[in-house]
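Asks: Got a structure here, written out as structure tokens. Questions coming.
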Amino acid sequence: MSSGIPCMWMRGGTSKGAYFLAGDLPADPEARDAVLLNLMGSPDPRQIDGIGGGDPLTSKVAVVSRSAGDPAEVDYLFLQVFVDQALVSDTQNCGNILAGVGPFAIERGLVAVSGEKTPVTVNMLNSGQRAKVSVATPHGVVSYAGNARIDGVPGVAAPVSIEFQETAGSSCGALFPTGHVRDTIQGIDVTLIDNGMPVVVMEAAQLGIRGQESPAELEADHELRDRLEAIRLEAGPLMNLGDVSQASVPKLSLLSLPRNGGAISTRTFIPHRCHKAIGVLGAISVATSIATPGAIGNTLAVLPEGDSKILSIEHPTGEMTVICRVSETGINRSEVLRTARKLMDGQVFLKSNL
Ligand code: NQM
């Protein structure tokens, strides 16, 4: 392979990552992962010799290709490149990086513009599920300018609306993989849930914290982090995920009373660093937990009446609104608003020929 690889560097929601056409990367997963570790600069806490940002939220990759189906459909594989370990994981989806997939697919000519807004159906290869994305294309091209605001990102940009359907059991095979809405691990009440993202949901108070601490304060609490990791390692097999010591799932969300008019307040470990906001599908899993009688957060949350709910999930830098329909089988349709921005388009170079 030549040393320069076509790559678009984009912000998707509150994450940043490298977007590639599948054909520009090695097809063999092991060779592909070696290339991605090299390009991102992992393993190294600062990723100083690569394009990664030294944070799990800025060490992400989207691999996109034309889908065999409809011409407005693309395949998207999300890869989490670990910052300080030589690991690339495909065990999770990423709803934030997903926000850039529609614009990228149109920019690369995989999907044709079809009006002021171009719908793109995205097959999320990590879980075999689909998302419908709407991209602003006002003058026959992708526009990143607009008036949409999302917490965790300064300023405004064009809206990218994302609709998810049937996300339950994305990685764990069932919404509640243990068959219970509530379990106990190491004396802590937990809800083990997967509505697009496997999450261990707990009440912050049970872990002896307020749930309003900053991510930096929580990351400095090594006793808490050790306890969370022990819970996570036990939760993995219970959630049908097997040994999760090398995996980026399940995430851990610590809930407390909402403080700013939302439904619930969260602090989320993904899984070793504390998220500055919350992941998209992580927020949908938390929303499903709080909307389910008996599950963690249901009695703590401030919930609106009715089956159609707008749930504001508070996080360290604001909130994420999840618009959802609640049925007996949980939330099986949800919508979020994100924005994306093209930051750089060019070639990224390998450190040496692999
Ligand atoms: O939950 C972080 C993020 C994510 C994932 C993570 C995400 C999602 O904020 O859909 O977006 O939980 O690792 O990008």
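The values are calculated or read from the model by the stated rules, or taken from the named source; none is laboratory data. Bear in mind that the values here come from a model prediction, so they are computed numbers and not experimental data. Glycine also receives a Cβ, built like all others from the backbone with ideal geometry; neighbour counts cover every protein chain displayed. Side chains included, ligands, DNA and RNA excluded: accessible areas come from the protein's heavy atoms. Shrake-Rupley method; radii C 1.70, N 1.55, O 1.52, S 1.80 Å.
Asks: Of the residues that make up the stretch 293-302, is at least one of a type in the set (V, I, T), within 16 Å of the ligand (Cβ to nearest atom), open to solvent by 10 Å² or more (accessible area, probe 1.4 Å) and not in a helix (DSSP H, G or I)?
Replies: No: the stretch 293-302 contains no residue that is of a type in the set (V, I, T), within 16 Å of the ligand (Cβ to nearest atom), open to solvent by 10 Å² or more (accessible area, probe 1.4 Å) and not in a helix (DSSP H, G or I).
Asks: Let me ask something else. Which condition breaks for E234 when tested against (1) away from the ligand (no atom under 16 Å from the Cβ); (2) without any contact (Cβ under 8 Å) to a residue 40 or more places away in the chain?
Replies: (2)
Asks: Here is a follow-up. Just one of A18, A68 is closer than 17 Å to G102 by Cα and without any contact (Cβ under 8 Å) to a residue 24 or more places away in the chain; which is it?
Replies: A68
Asks: (1) assigned to a loop (DSSP other than H, G, I, E, B); (2) at pLDDT 95 or above; (3) within 20 Å of the chain's Cα centre (by Cα): which one isn't true of S170, the others all being true?
Replies: (2)
Asks: Which residue, of V244, V326, is open to solvent by less than 10 Å² (accessible area, probe 1.4 Å) and either touching a strand residue (DSSP E or B) at 6+ places or on another chain (Cβ under 9 Å) or not in a strand (DSSP E or B) (or both)?
Replies: When all the criteria are applied, what remains is V244.
Asks: Only one of these is open to solvent by 20 Å² or more (accessible area, probe 1.4 Å) and of a type outside the set (D, E): G187, G211, G169. Name it.
Replies: After ruling out the rest, the residue left standing is G187.
Asks: Among the residues of the stretch 21-36, what is the count of those that are within 11 Å of V348 (Cα to Cα) and in contact (Cβ under 8 Å) with a residue 60 or more places away in the chain?
Replies: Looking only at that region, the number is 1.
Asks: Which residue out of F176, F164 is under 28 Å from S89 (Cα atoms) and outside any loop (DSSP other than H, G, I, E, B)?
Replies: On inspection, the qualifying residue turns out to be F164.
Asks: Follow-up question, since we're still on this one. Kindly establish whether L224 is more than 30 Å from A72 (Cα to Cα), modelled with pLDDT of 95 or more and either part of a loop (DSSP other than H, G, I, E, B) or in contact with a strand residue (DSSP E or B) (Cβ under 6 Å, 6 or more places away or on another chain) (or both).
Replies: Judged against the criteria, L224 is not a match.
Asks: Let me ask something else. Quick one: V142 ticks every box in (1) in contact (Cβ under 8 Å) with a residue 24 or more places away in the chain; (2) closer than 27 Å to S170 by Cβ; (3) not acidic (D, E) bar one, so which box is it?
Replies: Looking at each condition in turn, V142 falls short on (2).
Asks: Taking R108 and the conditions (1) in contact with a Ser or Thr (Cβ under 9 Å, 6 or more places away or on another chain); (2) away from the ligand (no atom under 12 Å from the Cβ); (3) farther than 21 Å from S171 by Cα, which numbered condition does it fall short on, given that it satisfies the others?
Replies: Result: R108 passes all but (1).
Asks: Within the stretch 303-313, restricting attention to residues that are over 17 Å from N332 (Cβ atoms) and open to solvent by 10 Å² or more (accessible area, probe 1.4 Å), which residue is farthest from the ligand (Cβ to nearest atom)?
Replies: Here the answer is E305.
Asks: Being open to solvent by less than 10 Å² (accessible area, probe 1.4 Å), modelled with pLDDT of 95 or more, within 16 Å of the ligand (Cβ to nearest atom) and touching a Cys at 6+ places or on another chain (Cβ under 7 Å) is the requirement here; does P198 meet it?
Replies: For P198, the condition - open to solvent by less than 10 Å² (accessible area, probe 1.4 Å), modelled with pLDDT of 95 or more, within 16 Å of the ligand (Cβ to nearest atom) and touching a Cys at 6+ places or on another chain (Cβ under 7 Å) - is met.
Asks: Which of the residues belonging to the stretch 247-275 are crowded, with 19+ Cβ neighbours inside 10 Å, within 11 Å of the ligand (Cβ to nearest atom) and not hydrophobic (A, V, I, L, M, F, W, C)?
Replies: S248, P250, K251, S253, T268, P271, H275 - these are the residues of the stretch 247-275 that are crowded, with 19+ Cβ neighbours inside 10 Å, within 11 Å of the ligand (Cβ to nearest atom) and not hydrophobic (A, V, I, L, M, F, W, C).
Asks: Considering every residue within the stretch 334-353, establish whether at least one is surrounded by fewer than 16 Cβ atoms within 10 Å (Cβ to Cβ), within 16 Å of the ligand (Cβ to nearest atom) and not polar (S, T, N, Q).
Replies: There is at least one residue in the stretch 334-353 that is surrounded by fewer than 16 Cβ atoms within 10 Å (Cβ to Cβ), within 16 Å of the ligand (Cβ to nearest atom) and not polar (S, T, N, Q).
Asks: Hey, among G69, G115, which residue is on the phi < 0 side of the Ramachandran plot, surrounded by fewer than 20 Cβ atoms within 10 Å (Cβ to Cβ) and not polar (S, T, N, Q)?
Replies: Going through G69, G115 in turn, the sole match is G69.
Asks: Can you tell which of D33, D55, D90, D24 is among the acidic types (D, E) and buried (at least 20 other Cβ atoms within 10 Å of the Cβ)?
Replies: So the residue among D33, D55, D90, D24 that is among the acidic types (D, E) and buried (at least 20 other Cβ atoms within 10 Å of the Cβ) is D33.
Asks: Given L39, L77, which one is at pLDDT 95 or above and within 15 Å of the ligand (Cβ to nearest atom)?
Replies: L77
Asks: So which residues in the stretch 42-68 are of a type in the set (D, E) and within 16 Å of the ligand (Cβ to nearest atom), if there are any at all?
Replies: Of everything in the stretch 42-68, just one residue is of a type in the set (D, E) and within 16 Å of the ligand (Cβ to nearest atom), namely D55.
Asks: Can you report the number of residues in the stretch 118-140 which are in a loop (DSSP other than H, G, I, E, B) and either open to solvent by 50 Å² or more (accessible area, probe 1.4 Å) or not β-branched (V, I, T) (or both)?
Replies: 7
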